[in-house]
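Asks: First the structure, which I've put down as structure tokens, then a few questions once you've had a look.
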Amino acid sequence: MRHLFALWIGFLSLWGGEGYNGKSLIITLPSPSGMVITQDRNISVLSHPSIPQQGIVILPIDYYSPLGDMNLTWSAPGKTLSIPITIQSVTYPTEILSVDPSKVTPPPEALERIERESTRAKEIYAHFTPIRYWNKPFIQPLDSYITSEYGSARTYNGTLKSYHGGVDFRARTPIPIIATNNGIVVLAEDRYYAGGTIIIDHGEGIYSCYFHLSRCDVQVGDYVIQGQNIALSGATGRITGPHLHFGMMVHGTQSDPLDLISKLNALFETPKENYASISVH
């Protein structure tokens, strides 16, 4: 066992991993204990969903993260490991959009509301619930075409510039929206930019977000199960037409939701009974 652990340590120290701006990196560790220390935060190591004796850490990489090499440190009782990673750039598409001018230059009376809603959302995303509700692979909240990808560089009305923090699914008429996984509803209300909004806490720093809804069918505090109808799509908030905006947050940072789902779901696959199962995703 000590020999295998030493091999694992050497593998991670030498090989490290590659991360990409706007996406999440999942690192597999030989023990579900301790934390991984980054340049700006400490991230708890979680139990691997299908191999309890192993651990994982989900590292969200900010859209504007500097590119290049960085070192992480895994610190656990009796163990310290340096994990080198390299942050690389993703070429995201660009979009030029026209929306209601008030959604680009809000009237003075809306500014307090916008600030209040922003502060509340940050408080929610910063909270770490030490319970895992996501005990199965994630699913998409809507079976439809994607009309706007995550990370698109956006220009609104020729002035406001930002990037798209989620994925847009086409929904020309109100369509039932389902929960991507089990969790607790922590926000269900109309917001200035996002319109009808639901946020679900899946535990362990993972949140899913559903925007521009025409109707919310759940309320704060509700426990929802994967596949449960939670709302109807709509055309509320800052929009160019009816659709569902679906996003995911990890440890307070936006992450490409479909990429994150793919990586989390891979953890539920049957591992190979050899050392090749050790990996950095």
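Asks: Keeping to pairs on different chains or 8 or more places apart, tell me how many lysine pairs in the chain have Cα atoms under 27 Å apart.
Replies: The result is 15.
Asks: Moving on. Considering only 196, 146, 244, whose Cα is most displaced toward the positive end of the charge dipole of region 94-250, charges sitting on Cβ of Lys, Arg (+1) and Asp, Glu (-1)?
Replies: The residue sitting farthest along the positive end of the dipole is 146.
Asks: What ranking do 91, 197, 253 get, fewest neighbouring Cβ atoms within 10 angstrom at the top? Intermediate results must be reported in sequence, preceding the final value.
Replies: On the way: 91 5, 197 23, 253 18.
Going from least to most buried by this count: 91, 253, 197.
Asks: Under a point spin-label approximation (7 Å from Cα along Cα-to-Cβ), what is the residue 39-residue 122 distance to one decimal in nm?
Replies: The answer from the label model is 2.1 nm.
Asks: Remind me, relative contact order of the chain in percent, using alpha carbon pairs under 8 angstrom and six or more residues apart? Walk me through the intermediate numbers first.
Replies: Details: 667 pairs, mean separation 55.5, N = 281.
The normalised contact order for the chain reaches 20 percent.
Asks: Quick check on the exposure proxy: order 127, 212 from fewest to most C-beta atoms within 10 angstrom. Kindly include the intermediate steps, with their values, before the conclusion.
Replies: Values: 127 12, 212 25.
Exposure proxy ranking, most exposed first: 127, 212.
Asks: Here's a follow-up. Consider a paramagnetic label point 7 Å from the Cα of residue 136 along Cα→Cβ; state which residues of region 239-269 have an amide N under 15 Å from it.
Replies: Answer for region 239-269: 265, 268-269.
Asks: Sticking with this structure for a sec: Suppose R0 equals 22 Å. What FRET efficiency, 1/(1 + (r/R0)^6) with r the Cβ-Cβ distance, do residue 129 and residue 73 give to the nearest 0.05? List each step's numbers first, then the result.
Replies: Values: r = 25 Å, r/R0 = 1.12.
In this case the efficiency is close to 0.35.
Asks: Same structure, new question: Only Cα pairs within less than 10 Å get springs; with that Gaussian network setup on the chain, which residue of 194, 171, 153 has the largest fluctuation?
Replies: 153
Asks: Please find, in a Gaussian network model of the chain (springs between Cα atoms separated by less than 10 Å), the residue of 199, 261, 58 whose mean-square fluctuation is greatest.
Replies: Of 199, 261, 58, the Gaussian network model singles out 261 as fluctuating most.
Asks: Of (i) 1.25; (ii) 1.12; (iii) 1.06, which is the value of Cα Rg over 2.2 N^0.38 Å derived from the coordinates here?
Replies: Recomputing Cα Rg over 2.2 N^0.38 Å here picks out (iii).
Asks: How do 134, 74 rank when sorted from fewest to most other Cβ atoms within 10 Å of their own Cβ? Spell out each step's value before the answer.
Replies: Numbers: 134 19, 74 24.
Sorted ascending by nearby Cβ count, the order is 134, 74.
Asks: May I pose another question? What is the spin-label model distance, in nm, from residue 161 to residue 50 if the labels are put 7 Å beyond Cα along the C-beta direction?
Replies: Distance between the two pseudo-spin positions: 4.3 nm.
Asks: Same structure, new question: If you stretched the chain out fully between residue 90 and residue 113, how much longer would it get, using 0.36 nm times the residue separation minus the C-alpha to C-alpha distance?
Replies: Working: separation 23, 0.36 × 23 = 8.28 nm, distance 3.39 nm.
Working it through step by step, the gained length comes to 4.9 nm.
Asks: Still on this model: I want to check the label-to-label distance for residue 266 and residue 145. Put each point 7 Å from Cα in the C-beta direction and report it in nm to one decimal.
Replies: Placing both labels 7 Å along Cα→Cβ, they lie 2.9 nm apart.
The numbers here are math on the coordinates, done by the rules we state, and not lab data. What you are looking at is a predicted structure, and each value in this text was computed from that prediction instead of being measured. Neighbour counts run over all protein chains shown; Cβ positions are idealised from the backbone, glycine included.
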